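The values are calculated or read from the model by the stated rules, or taken from the named source; none is laboratory data. Since the model is a prediction, treat every value here as computed from it, not as a measurement. Cβ: placed from backbone, ideal geometry, glycine included. Neighbour counts: every protein chain shown. For accessibility, only protein heavy atoms count, side chains too; no ligands or nucleic acids. Shrake-Rupley method; radii C 1.70, N 1.55, O 1.52, S 1.80 Å.
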Amino acid sequence: MAEIEIVDGTKYLDDVKNLIVTYTKFLGRDLTFQHLDDELADLEKKYCPPEGRVLCAKL
């Protein structure tokens, strides 16, 4: 069984963004009311220190 490691996702922000975009397209719903485009335009502002933190699972 593969072991999953939780790592700082800061260096994976492009991958995180791509996953979010792919997932929202899969949902097939209009999420503009959540201002997702604004959030994705600057993930570092909200999800990197000192304001926040993004974690990723790494195999």
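Residues in the stretch 6-44 that are open to solvent by 100 Å² or more (accessible area, probe 1.4 Å) and within 23 Å of LYS58 (Cβ to Cβ): ILE6, LYS11, ASP14, LEU19, TYR23, PHE26, GLU44.
Where helices (runs of 4 or more DSSP H) fall entirely within the chain, those with at least 3 residues that are acidic (Asp, Glu) are at 36-41.
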